[in-house]
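The values are calculated or read from the model by the stated rules, or taken from the named source; none is laboratory data. Because the structure is a prediction, the values reported are computed rather than measured. All Cβ positions, glycine included, derive from the backbone under ideal geometry; neighbour counts span all protein chains shown. These area figures cover heavy atoms from the full protein model, side chains too; ligands, DNA and RNA do not enter into them. Shrake-Rupley method; radii C 1.70, N 1.55, O 1.52, S 1.80 Å.
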Amino acid sequence: GKKLGYTFNHRNLHNVSLGQGQEVVAEQALDVAAQEGHWVILQNIHLVAKWLSCLEKKLEQLAEGSHQDFRVFVSAEAAPCPESHIIPQGILENSIKITSEAPTGMQANLHRALDNFSQDTLEMCSQEKEFRSILFALCYFHAVVAERRKFGAQGWNRPYPFSSGDLTISASVLYNCLENSSKVPYDDLRYLVGEIMYGGHITDDWDRRLCRTYLDEFIKPEMLEGELCLAPGFPLPGIMDYNGYHQYIDDALPPESPHLYGLHPNAEIGFLTQRSERLLRTLLELQPRDCSTGPGALGTQEEMVQALLEEMLEKLPEEFSMAELLARLEERTPYAVVALQECERMNALTAEMRRSLAELGLALKGELTMTSDMEALHNSLFLDTVPESWARRSYPSTASLGSWFADLLARISELEAWTRDFSLPPTLWLGGLSSPQSLLTAVMQSAARRNRWPLDRVALQCDVTKRSREDFASAPREGVYVHGLFMEGARWDVQAGTMAEARLKELTAAMPVVFIKAVPEDRQDTRGLYPCPLYRTRQRGPTYVWTFNLKTKESPSKWVLAGVALLLQ
């Protein structure tokens, strides 16, 4: 066995870890095992994609005439997407398939995190009380960050592959820190776990802040004084044995709810709604669209698309005349530049829409040959989704085609009003701009020019007013009033002028008009403020725009754990 490169023991087991040219070894192991009635384990077959067709043929040959006790076990990592499914269909059809799925719910995740350790682990450190308390807190932290993914972008901006290895290595770091220090090095522990062990996976700055905040709340001196609650109604347990901790989880952990993760109950409504929408969208896409669906079915579909196509062409306004706009412009201010750039982007989008719709109309009449691009546009119109060729020239949006087109017409209307004389409107629809960052940068540029401040030392100050859009008749002397913002995870209390708990079933609460102006960086007062990220859509992540500091009477960490953000849609 050793000469062939695989292990063989008294239980007649051949274990081959594939990769690095082990395919020949695997074939030799299969031949020997088939004759002697042994078992073969082939690990990591996803690493030898080109060899899998040979393996399929080999197993077909060995299926006849082999020893009756001959068995083959194969293992592979889960494919990240359907395009990565490489295991041949013949192997899948002739095998018993077993999958190891991640646990669901806080209770299952916490039990599984604790399963990585034993009673011996709890007794190995000289500072036993500190070690056990912090280890349990780390298990809860691991369960939280792993299960928080189910809440989508409000949980994490991006999904991360946190694993049990992160937890066990963190436990080793904890052991070494306590053995080499008479006092608990809380700051060092939080940094090593949050920035290196788990933080090594994290690529988004806001997710890094979330990870850091969890550890600030879970690992602190109060945990040794019996004053720390890991979640509402779930205090950190005292000194117990290994089975006692498992029993404590069963007895004391509150029922599954977003509160266990620091989130508002609306977060669960949000992710269940999105999951339902994806399911219904998939069912709609599976709907038959060929002639076999019944008499006149295809004609009905084409009639629907034709009617929608004609309606959109009729409603789509003419492109902006850039020559006329430039002739009308008296002074090229930062705000005027933003307006011109928005018109240019809108022209590029509407020109593509008009061209593609006109071509599809001719193809439906039989005057042009239907191409793959036309077919894709046809399907998008039928399924009420934004066509890919339009989305590439458009702004981020999660809306259906009907809502998206109505939103587009509203944006064009706003631009037409703005470019009549290029004077700032009383309030600007920030979400109606293709590049909201351009407007916010223009605010800083205007203030820097007027006051002769260095632009790199200017910051934005955000003041939430108590009024709505209709209450403003003119633009401010400096800065801008903006409307069309929404808050997810919390709400704005207009009377108190501060952030407050969200109302149940109100997923995205509308914000009052916000006054944005530029101030020197050194004059900013960040006390009692929550640095709130602003995103274009609920997808968050790459749609990040800016950071607004909002007043809060609560600790900012509460809003960090709740995933509170401002949205433009």
(message) Heavy atoms only, 1.4 Å probe, whole protein assembly: order Lys220, Lys57, Lys50, Lys315 by accessible area, highest first.
(response) Lys50, Lys57, Lys315, Lys220
(request) Please list the non-local residues whose amide H lies under 5 Å from the amide H of Gln127, H modeled 1.01 Å from N, same-chain partners needing a gap of 5 or more. (result) none
(request) Using only Cα atoms, tell me the angle between helix 52-62 and the longest principal axis of the chain; keep it within 0 to 90° and round to the nearest 10. (result) 30
(message) Let's see if you can work this out: charge +1 on each Lys and Arg Cβ, -1 on each Asp and Glu Cβ, no other charges. What is the dipole magnitude of region 229-341 about its Cα centre, in debye to the nearest 20?
(response) 260
(message) Using protein chains only and a probe of 1.4 angstrom, how many square angstrom of Ser397 are accessible, to the nearest 10?
(response) 40
(message) So for region 106-265, averaging the separation of alpha carbon pairs under 8 Å that are six or more residues apart and normalising by length, what relative contact order in percent results?
(response) 29
(request) Choose one of Asn451, Ala500, Tyr530: the residue whose Cα lies farthest towards the positive end of the charge dipole of region 436-568 (beta-carbon charges +1 Lys, Arg; -1 Asp, Glu; about the Cα centre). (result) Asn451
(request) Scan (1) 33.9; (2) 26.2; (3) 28.9 for the value of Kirkwood radius over Cα pairs in Å calculated from this model and give just the label. (result) (3)
(request) Specify whether the C-alpha gyration tensor of region 209-290 places it in the rounded, prolate or oblate class, a ≥ b ≥ c being the square roots of the eigenvalues: rounded for a/c under 1.5, otherwise prolate if a/b is larger than b/c and oblate if not. (result) prolate
(message) Which of the three applies to region 30-73, rounded, prolate or oblate, going by the alpha-carbon gyration tensor with a ≥ b ≥ c and a/c under 1.5 meaning rounded?
(response) oblate
(request) Please determine, in degrees from 0 to 90 and to the nearest 10, the orientation of helix 401-418 with respect to the longest principal axis defined by the Cα atoms of the chain, where the helix direction is its Cα long axis. (result) 40
(request) Enumerate the amide H contacts of Trp546 below 5 Å, restricted to partners 5 or more residues apart or on another chain; note that Pro and chain-start residues carry no placed amide H. (result) Leu534
(message) Given the options Pro512, Val480, Leu561, identify the residue whose Cα lies farthest towards the positive end of the charge dipole of region 436-568 (+1 on Cβ of Lys, Arg; -1 on Cβ of Asp, Glu).
(response) Val480
(request) Using only Cα atoms, find the angle between the long axis of helix 164-179 and the longest principal axis of the chain, and express it within 0 to 90 degrees, rounded to the nearest 10. (result) 80
(message) Nothing charged except the Cβ atoms of Lys and Arg (+1) and of Asp and Glu (-1): what's the magnitude of the dipole of the chain about its Cα centre? Round to the nearest 20 debye.
(response) 1280
(request) Report the accessible area of Met322, computed with a 1.4 Å probe over the heavy atoms of all protein chains in place, in Å² rounded to the nearest 10. (result) 50
(message) When a/c reaches 1.5 or more, the comparison of a/b and b/c decides; with that in mind, is region 106-265 rounded, prolate or oblate per its Cα gyration tensor?
(response) oblate
(message) From Cα pairs below 8 angstrom and at least 6 apart in sequence, can you work out the relative contact order of the chain, rounded to a whole percent?
(response) 10
(request) Would you mind checking which residues have amide H under 5 Å from Val40's amide H? H placed 1.01 Å from N; only 5 or more apart, or other chain. (result) His14, Arg71, Val72, Phe73
(request) Might you tell me the accessible area per residue for region 106-265, computed with a 1.4 Å probe and given in Å²? (result) 42
(request) Would you calculate, for the chain, the mean residue ellipticity at 222 nm contributed by helices, counting each DSSP H stretch of 4 or more residues as -39,500 (n - 2.57) and dividing by all residues, to the nearest 500? (result) -13500 deg cm²/dmol
(message) I'd like the Karplus ³J(HN,Hα) series for region 516-532: coefficients 6.51, -1.76, 1.60, θ = phi - 60°, whole numbers in Hz, and an x wherever there's a Gly or Pro.
(response) 10, 9, 9, 9, x, 4, 6, 9, 6, 10, 9, 6, x, 10, 10, x, 9
(request) Return one whole number: the accessible area per residue of region 2-94 in Å², for a 1.4 Å probe. (result) 68
(request) Could you look at the chain and say what percent of its accessible area is carbon and sulfur, using a 1.4 Å probe and all protein chains? (result) 50
(request) For Glu83, Glu222, write out the residues from largest to smallest accessible area, computed with a 1.4 angstrom probe and no ligands counted. (result) Glu83, Glu222
(request) Place +1 on the Cβ of every Lys and Arg and -1 on the Cβ of every Asp and Glu in region 106-265, take the dipole about the Cα centre, and give the residue among Phe117, Val173, His142 whose Cα lies farthest towards its positive end. (result) His142
(request) Go through Lys517/Lys558; Lys150/Lys183; Lys466/Lys505; Lys150/Lys220; Lys150/Lys505 and tell me which ones have a Cα-Cα distance over 29 Å in this structure. (result) Lys150/Lys183
(message) Output needed for region 478-530: three equivalent-ellipsoid semi-axes, defined as square roots of 5 times the C-alpha gyration tensor eigenvalues, in descending order, whole Å.
(response) 24, 15, 9
(request) Heavy atoms only, probe 1.4 angstrom, no DNA, RNA or ligands counted: give me Trp418, Trp429, Trp39 ranked by accessible area, highest first. (result) Trp39, Trp429, Trp418
(request) With +1 on each Lys and Arg Cβ and -1 on each Asp and Glu Cβ, and nothing else charged, work out how big the dipole of region 106-265 is about its Cα centre, in Debye to the nearest 20. (result) 520
(request) Tabulate in residue order the Karplus-calculated ³J(HN,Hα) for region 317-322, using 6.51 cos²θ - 1.76 cosθ + 1.60 with θ = phi - 60°, rounded to whole Hz; enter x for Gly and Pro. (result) x, 5, 5, 5, 7, 5
(request) Tabulate in residue order the Karplus-calculated ³J(HN,Hα) for region 481-490, using 6.51 cos²θ - 1.76 cosθ + 1.60 with θ = phi - 60°, rounded to whole Hz; enter x for Gly and Pro. (result) 9, 10, 10, x, 9, 10, 10, 10, x, 7
